[in-house]
Amino acid sequence: MSTTADRYSELRELGFRSGLETHQQLRTPNKLFCRCPASIRNDPPHSELLRHMRPTLSEFGEYDGTALMEFKTHKQVHYLLYNDSVCTYEMDDTPPFKADRSAVEIAIEIAMMFNMSLVDEIHITRKQYLDGSIPTGFQRTAIIGVNGSIPFLGRNLSFFQLSLEEDACREVSDKGHDIVYRTDRLSIPLVESVTAPEMLTPAETAAGAAAVGEVMRSTRKVRRGIGSVRQDVNVSIRGGTRIEIKGVPRIGMIEDLCRIEAYRQKALLDLRTALSSSGIEPEDFNAVPLMLNERQASTASGIFGRPAEGEQWAVQVLPRFSEWLSFPTQPDLAFRDEIDGRVRVIACPTTLPATRELPQPLRESMGMDPGDGALLFAASPDDIATASQEIVIRVREAFEGVPSETRQALPGGRTTFERILPGPDRMYPDTDLPPEPVSPDLVDRIAASLSERPDSRRTRYAALGVPEQLISRLINWESADMFDSISAATGYAAPQLAWFLTDRRRGSRRAGADWTDLGEDRLRSVVVGLFEMGLSLRAAAEVLDRMSRGGLSLEDAVAEVEESKKA
């Protein structure tokens, strides 16, 4: 049985590399290019808007491949609107305001925290998104800083850039040709940091995500909670290509996703090698769907159930490809699942799974050669040709190795096709907003109040005897600033004070006594006052519990604690 160290040694030999794109929402009251409030909503929407997307040419007169792929899906995009937090800007009916000033300044601060070189002017560009997640069909984005680095595992982790951009909608449902989005998250400001592909194991990738997050949270100007930060994890091995695993919401998922993706790429390279000596050529496959007659369709429905309304059974034959459909690619998944993901996303069938291997009774009735692969699928008459074409395209790609894709994370570390990886033609200049200079005075003002970086805090806290586990909690739970101010004003031992502000504080919150209800300034002054009164941290915690849970004054809470000690 191989150990984690053995697996990672093998991944190093395979040339594993990964990088991170971290999308972090900023804590601003307003959205980025309008003045609507930035808030997450789960109440019923006020109205709904229907749109269709189409691609546009880049500034060089080219169409982006991803945009063309999305256009083939012919999606009807439904937007759930809120009258008090979505305006005509988000719906592309009015031009944008200038970028929110507080968002710009926070982005500059974060770029400085990553030791980046700042741009002299902020130029807004448009990045095409035809999946419907942004009603305009593009996302406004701007580079803020480039060429940064932070200390990481005894070396530096490099950054290509940091951008300021608007967030997209939240997906509610996606069925067939209809996709529904909630617009509350739309246009909330976020920053995207892009690292170099310098993580050499899946564990390093997860550690890199944690390090990037610590730096951003150290500013105390980013949003917290589920959905406020999302990782795009880029993975490749030698001979493979960059695969982007999109929107990973939790760091705990990263290690498995990286490991399984690396072995998926190895499997696809092995499949390419096997096919090269099989005598089969990519040109052997042609997108010619076979329609089932009434009796054959009845047999298929008897085995798999009737297809969705408006959809018909069809078959795509893959000459001499039968054995390769079951070629393993991921745990409990095979190459046929690679095909299925492509058909599901692009042809948009509502009968799922999108493809099935043709059962033996139908193979016999249709006179199939035993060595031929045959995939059964159900689609509307308008989508049958698209489904057939995507099956053939994906099979032909198997002869090339690993296609460039964006993939969606599945439970257990597996992934499935999401879209073709975008290229440079998705970007073009924005004509609605002029460049915005970044003045030296602004840079100096932000630099003067820059937060202490996590690596500096770690060194300082370790010298005070604070255990590493508590150091991480102080930094990531936004308790470090309070720790510093209370430590400077009291004689409490640093390790005990760190415990008090992290584990003990969390325990009180879980028991219904949330100290944060007092406010940071009040909490800080109470703890300092209790030290001056000679109370230990354990006694101080009891006082704060009584103040938070029972609404007692400081004096009454102290009196109750002292009385309880006498009893």
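The values are calculated or read from the model by the stated rules, or taken from the named source; none is laboratory data. Quantities reported herein were computed from a predicted structural model and do not represent experimental measurements. For neighbour counting, all protein chains shown are included, and Cβ atoms are generated from backbone atoms with ideal geometry for every residue, glycine included.
With respect to Ala448, determine if the residue is farther than 26 Å from Gly310 by Cβ and at pLDDT 95 or above. Yes. Can you find a residue that is assigned to a strand (DSSP E or B), touching a residue at least 24 places away in the same chain (Cβ under 8 Å), assigned by TED's automatic domain parsing to the domain that holds Leu11 and in contact with a helix residue (DSSP H, G or I) (Cβ under 6 Å, 6 or more places away or on another chain) anywhere in segment 214-225? Within segment 214-225 (the criterion being assigned to a strand (DSSP E or B), touching a residue at least 24 places away in the same chain (Cβ under 8 Å), assigned by TED's automatic domain parsing to the domain that holds Leu11 and in contact with a helix residue (DSSP H, G or I) (Cβ under 6 Å, 6 or more places away or on another chain)), the answer is yes, since at least one residue qualifies.
Of the helices (runs of 4 or more DSSP H) lying entirely inside segment 485-561, those containing at least 1 residues that are of a type in the set (A, V, I, L, M), touching a Pro at 6+ places or on another chain (Cβ under 9 Å) and closer than 25 Å to Pro467 by Cβ are 494-499.
Tell me, yes or no, whether segment 86-99 has at least one residue that is surrounded by fewer than 22 Cβ atoms within 10 Å (Cβ to Cβ), touching a strand residue (DSSP E or B) at 6+ places or on another chain (Cβ under 6 Å), farther than 18 Å from Val180 by Cα and modelled with pLDDT under 95. No. In segment 396-416 there is at least one residue that is among the hydrophobic types (A, V, I, L, M, F, W, C) and without any contact (Cβ under 8 Å) to a residue 60 or more places away in the chain. Summed over segment 296-331, the residues that are touching a residue at least 60 places away in the same chain (Cβ under 8 Å) and among the charged types (D, E, K, R) give a count of 1. Within segment 519-539, the only residue that satisfies the criterion of being under 34 Å from the mean Cα position of the chain (by Cα) and in contact (Cβ under 8 Å) with a residue 24 or more places away in the chain is Glu520.
May I ask you to verify whether Leu130 is touching a residue at least 60 places away in the same chain (Cβ under 8 Å), surrounded by 22 or more Cβ atoms within 10 Å (Cβ to Cβ) and over 16 Å from Val212 (Cβ atoms)?
Answer is yes for this residue.
Of the residues Glu48, Glu10, only one is surrounded by fewer than 20 Cβ atoms within 10 Å (Cβ to Cβ) and either basic (Lys, Arg) or more than 29 Å from Pro422 (Cβ to Cβ) (or both); which?
Values: Glu48 fails: either basic (Lys, Arg) or more than 29 Å from Pro422 (Cβ to Cβ) (or both).
One residue alone meets the criteria, Glu10.
So in segment 144-178, with the set limited to residues that are β-branched (Val, Ile, Thr) and over 19 Å from the mean Cα position of the chain (by Cα), which one is surrounded by the fewest Cβ atoms within 10 Å (Cβ to Cβ)? My answer is Val146. Among the residues of segment 470-484, the ones that are touching a residue at least 40 places away in the same chain (Cβ under 8 Å) and not in a helix (DSSP H, G or I) come to 1 in all.
Collect the residues in segment 61-77 that are in contact (Cβ under 8 Å) with a residue 60 or more places away in the chain and either more than 18 Å from Gln389 (Cβ to Cβ) or in the same structural domain as Val345 (by TED's automatic domain parsing) (or both), keeping them in residue-number order. Working first, answer last.
Initially, segment 61-77 is screened for residues in contact (Cβ under 8 Å) with a residue 60 or more places away in the chain, giving 62-67, 69-70, 72-77.
Residues satisfying the conditions are Glu62, Asp64, Gln76, Val77.
For segment 35-131, give me every one of the strands (runs of 3 or more DSSP E) that falls completely inside it and has 3 or more residues that are within 24 Å of the chain's Cα centre (by Cα).
Details: elements: 47-51, 76-81, 125-128.
The qualifying strands (runs of 3 or more DSSP E) are 76-81, 125-128.
Take the residues in segment 213-234 that are hydrophobic (A, V, I, L, M, F, W, C) and more than 14 Å from the chain's Cα centre (by Cα), then tell me which one is nearest to Ile475 (Cα to Cα). Outline the logic, then answer.
Restricting attention to segment 213-234, the residues satisfying the condition of being hydrophobic (A, V, I, L, M, F, W, C) are 215-216, 222, 226, 229, 233.
When the remaining residues are screened for being more than 14 Å from the chain's Cα centre (by Cα), the result is 215-216, 222.
Values: Val215: 9, Met216: 11, Val222: 13 Å.
Top of the filtered list is Val215.
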